[in-house]
Amino acid sequence: MPRSRPRDVPASLEERLAQLDALQQALGVRFRDRGVLEVALRHDSFAHERGAGTEHYERLEFLGDAVLNLVVSDYLFRQYPERSEGELAKERARLVSEAALAHLGRRLRLGSYLLLGRGEEKGGGRERPGLLADAVEAVLGAVYVDAGYGVAHALATRWVGELLQSLPARAEDFKSHLQERLQGTGRQPRYRIVEAVGPDHARSFRVRVEVDGDVVGEGRGRSKKEAEQAAAAEALRWLDAVERRRARRS
């Protein structure tokens, strides 16, 4: 009886091209160079198993993260002119969180297109939220490289609209979330006001949150509480990034 083929290895070049075509259709983007999209779908575990010189998605993920943050910031700035900087920062953190991006990854069925190493495959990497979130950013980075900012902006803007419709609308307590995330490590967040400007009736606060003396988030708001929440939201993004990097090394 023939041995079954691992899910991360297509049976043929034709099968892989068909997969890439299906993903392009789901994205609504046609790549001029499908090789860029292919790289965006290669996890580093896959590249390491195939030896030096095999590209993987981390560089594209880095680029996609920057593009996504710019697009989301621009969208929120234009869509909600009445919101303060602190409110915009909290909403951006919600939209680019690991949970939100993993939701997009599942909707696009990115897990089925990823090329994984055998260990990552056996460990359920296709469904891991951090890996799906990374892949979403890598795919956006690939769109930017292949088609430019205009096409990447249109795709990310469409994603933002979908997330605003599908994510819970309730306000989140980012300070409590940060406290809970750090609790098991024995570390504590420390909030520090670094700026307070304006008259008493229209004050604006800038707050930094530190962990072990390192600044891990900063936020502004019309009150100390709002600024602290915005800073905690940024700190949670920092924690997500640290944990995703740690998971990739393990």
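The values are calculated or read from the model by the stated rules, or taken from the named source; none is laboratory data. For clarity, every value in this text was computed on a predicted model and none was experimentally measured. With ideal geometry, Cβ positions are generated from the backbone for all residues, glycine too; neighbour counts draw on all protein chains shown. With ligands, DNA and RNA removed, areas are computed over all heavy atoms of the protein, side chains included. Shrake-Rupley method; radii C 1.70, N 1.55, O 1.52, S 1.80 Å.
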Accessible area per residue of the range 138-196 at 1.4 Å probe, in Å²? 53 Å²
Under the Karplus relation with 6.51, -1.76 and 1.60 and θ = phi - 60°, whole-Hz ³J(HN,Hα) for the range 65-76, x at Gly and Pro, equal 4, 5, 5, 4, 4, 5, 5, 5, 4, 4, 4, 5
Which angle from 0 to 90°, rounded to the nearest 10, does the C-alpha axis of helix 98-107 make with the longest principal axis of the chain? 40 degrees
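Taking 41 Å as R0, compute the FRET efficiency from the Cβ-Cβ separation of Glu15 and Trp238 and round it to 0.05.
0.55
Add +1 for every Lys or Arg and -1 for every Asp or Glu among the other residues with Cβ under 10 Å from the Cβ of Leu140, and state the total.
Around Leu140, the charge tally is -3.
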Taking the chain as the reference, fit the longest principal axis to its C-alpha atoms, fit the long axis of helix 149-166 to the helix C-alpha atoms, and give the angle between the two in degrees, 0 to 90, nearest 10. 70 degrees
Roughly how much of Arg106 is accessible, in Å² to the nearest 10, using a 1.4 Å probe? 120 Å²
Which of Leu68, Leu60, Leu108 ends up with the largest GNM mean-square fluctuation for the chain, with Cα atoms connected below 10 Å? Leu108
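So what's the convex hull volume per residue for the Cα atoms of the chain, in Å³?
Working: hull volume 37.7 nm³, N = 250.
That works out to 151 Å³ per residue.
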Under the Karplus curve 6.51 cos²θ - 1.76 cosθ + 1.60, θ = phi - 60°, whole-Hz ³J(HN,Hα) for the range 47-54, x wherever Gly or Pro sits: 5, 5, 5, 9, x, 4, x, 7
To the nearest 10 degrees, how steep is helix 224-249 against the longest Cα principal axis of the chain, on a 0 to 90 scale? 20 degrees
Tell me, what HN-Hα J-couplings in whole Hz come from the Karplus equation 6.51 cos²θ - 1.76 cosθ + 1.60 at θ = phi - 60° for each residue of the range 181-193, using x for Gly and Pro? 5, 8, 4, x, 9, x, 9, 10, x, 10, 9, 9, 6
Just the number, please: carbon plus sulfur as a percent of the accessible area of the chain, 1.4 Å probe, no ligands or DNA/RNA counted. 50 percent
Residues with amide H under 5 Å of Arg42's amide H, sequence separation 5 or more or different chain, H placed in the peptide plane at 1.01 Å from N; which? Tyr57, Leu115
Which residues' amide hydrogens lie under 5 Å from the amide hydrogen of Ser223, considering only partners 5 or more residues apart or on another chain, with H built in the peptide plane? Phe205
Which GluC sites (Glu not before Pro) in the range 21-108 pass both tests, a DSSP loop state and at most 12 other beta-carbon atoms within 10 Å? Glu82
